[in-house]
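Bear in mind that the values in this text are calculations on the coordinates, not laboratory data. On a predicted model such as this, the values are computed, not experimentally measured, just so you know. When we count neighbours, we look across all protein chains shown, and the Cβ atoms used for this are built from the backbone with ideal geometry, even at glycine.
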Amino acid sequence: MGYRSTFAALFFLIPLFPDLLNAATWDEGKFVFFDATYESVFGMWSVAFIEVPFFILCLLFSQDFFLNSAVRVRFGSNQKFWCQWLKVMLLESAAYVIYLYLLLFLRLAVAGQWSGMRGQRTFLLQGFILQVLTFLLMDILFCAITFIGRNSVLGAAVVYAFVLLDYVVSSTKALIDLKFFLKTICVAPPFMDDFLLELLLLVGLTVGLFLLLPVMSDHVDSLKKEVS
């Protein structure tokens, strides 16, 4: 239980709000407290190296129940099994993003900067939806690889590899636009014109991957026992 207690304590320290005093990249040199605070939470560096790793750690600690062979057998069918797991994944993703927003709102409240949220309600709602769906997609991918490969470290490595690829492409300004996970988490008020397109893409990928899960996991023998 020691490592779980340590993780729980560290969880409440994130995100660390790096570069809070710097203007947001979209403010073109002027300082807007709301924008700077929002980017400190949902900027590329924070997301790639603080928030996504901690989210993956959360997932590593939530796999025990559904990876239990007896649990899958009791559901009777792959469809029911994955539907129940999807509910848990959605709850995990939404709870994590809500926690990040609570940190954001807490910083605004402490600084007396609530007025900076005027006119941002639509953006905050749109950003929240995209972020929850993106974390959900990462969660589904992680759970699929973990379940099929019976290795949570492999699942974590593959998901984080996609995030690091996003970060490298974004940082190097590569000619090929491969950005996806970071693009729909690191949203910004001036760049929400593609909200509906991003939403449809996220929903399509999430539904498509989820529908494949029962088929992909058919070959996994829940009753197989390791021979010592």
Ser77 to Met216: extension gain in nm, 0.36 nm per residue of separation minus the Cα-Cα distance?
48.7 nm
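By its C-alpha gyration tensor, with a ≥ b ≥ c as the square roots of the eigenvalues, how is region 65-156 shaped: rounded for a/c under 1.5, else prolate for a/b larger than b/c, else oblate?
In terms of gyration-tensor shape, prolate.
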Tally Lys and Arg at +1 and Asp and Glu at -1 over the other residues with C-beta under 13 Å from the C-beta of Ile56: what net charge comes out?
-3
Once Val168 and Val207 are pulled to full extension, the length gained, defined as 0.36 nm per residue separation minus their Cα-Cα distance, is 11.3 nm
